Amino acid sequence: MLTPTEWTIVALSLRVSIVAVLVTLPIAYGLAWVIARRRFPGRMLLDALVHLPLVLPPVVTGWLLLILLGRNGVLGSWLYETFGITLVFNWTGAAVAAGVMALPLMVRAMRLSIEAVDRRLVGAARTLGASPLHAFLTVTLPLSLPGIAAGAMLGFARSLGEFGATITFAANIAGETRTLPLAIYTGLQLPGSEGAVARLALIAIVLSLGALMVSEWLVRRSQGTRAHVL
Amino acid sequence: MFFDVDITMLVDDHAFTLQFVSDARLTALVGPSGVGKTSTLNAIAGLLRPRSGRIVVAGDVLFDSAADVDLPPEKRSAGYVFQDARLFPHKTVAANLAYGERLSAHSGSLISRDEVVRLLEIEHLLHRLPATLSGGEARRVAIGRALLSSPRFLLLDEPLSSLDESRAETLLVLIERLRDEIDLPMLLVSHSSAEVERLAGRVVTMTAHGPPGKP
């Protein structure tokens, strides 16, 4: 059905998106919880920073990542010298770019569902003997599960479609950072590859629809038929 | 002395002072709406912090601003029955009942789960989710959940409000039995004078202005 080249592209895209979502998920949930539940000076600034990748041109986000995490970047040089890790120009860099771009959408979805959890239920748990952590794990976390599923789905879809930050930060290297959107873009540059582009576009549609349906199913299974992701 | 409360609170720009001591098994807290009855229960349970003062229940100092004592709610062992039941919506009735029971495994339990289920007549509800319960059923489960957390005292916030007469009577009898059979200090907030007269050994009246009067 798919050619070996297409398989490489799809497998790479899935790996990049899944890793991006899995790594970003706990960070996004932590940020969402802090923004939803805590009042502290600088909360507005934190909220704005989290949303930055949503409003900046993706190329600018990619450029900022280069400055920060590139081999000579502030964090990048430290990562390389300490752990020998290089993020630019390989698939982990593509995952970082995708994760950063997905972060605001994931935080938004999770924050809404955390805010929807009645804080008085947490108070009730506390009077029954639950520590703050236990109350969080048994009340807030399970009740915000639909937001986690929604955030993961949105983040996955966003990662799958990530283009600007990825090509800027991780470049467009076949088999390494050439995900579906980059492959489609590359195909469009080559005369006579309309058929290949159409096939890749179809794959993108199928994957995105699949992600949406899987997360709907997950939410329905955990919450009964009343809950919806979107 | 079961309850020894002397607090000043500020709730939504409304400041009030409340001082009372009671050694009755069931103390009723009465007064007009908005005077701070529920806030007082919240302060005793540790969910709201008084501006200053002291709260001692059954010999335990729960809050004392002068001595810098402010126990977190989970250390106060309050059995708090909220007016809105506040059952966990994602847990079955059985899991709601077990919630506090599991967390209080240390102390010898006051009452067994079987007894609670029998006393409150909630056997048939155990596998249901809170959303499917009527108001009276949810109230009974909330009382059971509080009792099973091995509380050292009970806080009841209008446990009979918005229940029809027969349901209210059933719960009233139940509270009387709890008062007489289990040795637990109780603080009851109520609007119904008939209810207070029947249950309470001591009535504390909160007024919008000035210190509370005595019955």
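The values are calculated or read from the model by the stated rules, or taken from the named source; none is laboratory data. These figures come from a predicted structure and were not determined experimentally. Every residue, glycine as well, gets a Cβ built from its backbone with ideal geometry; the counts of neighbours run over all protein chains shown.
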task = Restricting attention to region B:77-105, report how many residues are more than 7 Å from chain A (Cβ to nearest Cβ) and touching a residue at least 40 places away in the same chain (Cβ under 8 Å).
result = 12
task = Please tell me if B:LEU62 is in a strand (DSSP E or B), under 20 Å from B:MET9 (Cα atoms), within 13 Å of chain A (Cβ to nearest Cβ) and not aromatic (Phe, Trp, Tyr).
result = yes
Residues of region A:165-203 classified as part of a helix (DSSP H, G or I), buried (at least 21 other Cβ atoms within 10 Å of the Cβ) and of a type in the set (Gly, Ala, Ser), total = 2
key: Candidate set: region B:191-203, residues that are crowded, with 16+ Cβ neighbours inside 10 Å and in contact with a helix residue (DSSP H, G or I) (Cβ under 9 Å, 6 or more places away or on another chain); chosen: the one modelled with the lowest pLDDT   = B:SER192
inquiry  = With without any contact (Cβ under 8 Å) to a residue 12 or more places away in the chain and either within 14 Å of another protein chain (Cβ to nearest Cβ) or out of contact with any His (no Cβ under 9 Å at 6 or more places or on another chain) (or both) as the only criterion, which of A:GLY187, A:GLY192 stands out?
reply    = A:GLY192
key: Odd one out for B:ARG128, checked against (1) more than 14 Å from chain A (Cβ to nearest Cβ); (2) without any contact (Cβ under 8 Å) to a residue 40 or more places away in the chain   = (1)
ask   = Out of all the residues in region B:73-94, is one or more touching a Phe, Trp or Tyr at 6+ places or on another chain (Cβ under 6 Å) and either assigned to a loop (DSSP other than H, G, I, E, B) or modelled with pLDDT of 95 or more (or both)?
value = no
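Results for (1) in a loop (DSSP other than H, G, I, E, B); (2) under 30 Å from B:SER39 (Cα atoms); (3) out of contact with any Pro (no Cβ under 6 Å at 6 or more places or on another chain); (4) in contact (Cβ under 8 Å) with a residue 60 or more places away in the chain, shown as yes or no for each residue.
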residue: A:TRP33; (1), (2), (3), (4): no, yes, yes, yes
residue: A:ARG39; (1), (2), (3), (4): yes, yes, yes, no
residue: A:LEU46; (1), (2), (3), (4): no, no, yes, no
residue: A:LEU49; (1), (2), (3), (4): no, no, yes, no
residue: A:VAL60; (1), (2), (3), (4): no, no, yes, no
residue: A:ILE67; (1), (2), (3), (4): no, no, yes, no
residue: A:LEU75; (1), (2), (3), (4): no, no, yes, no
residue: A:MET106; (1), (2), (3), (4): no, no, yes, yes
residue: A:ARG120; (1), (2), (3), (4): no, yes, yes, no
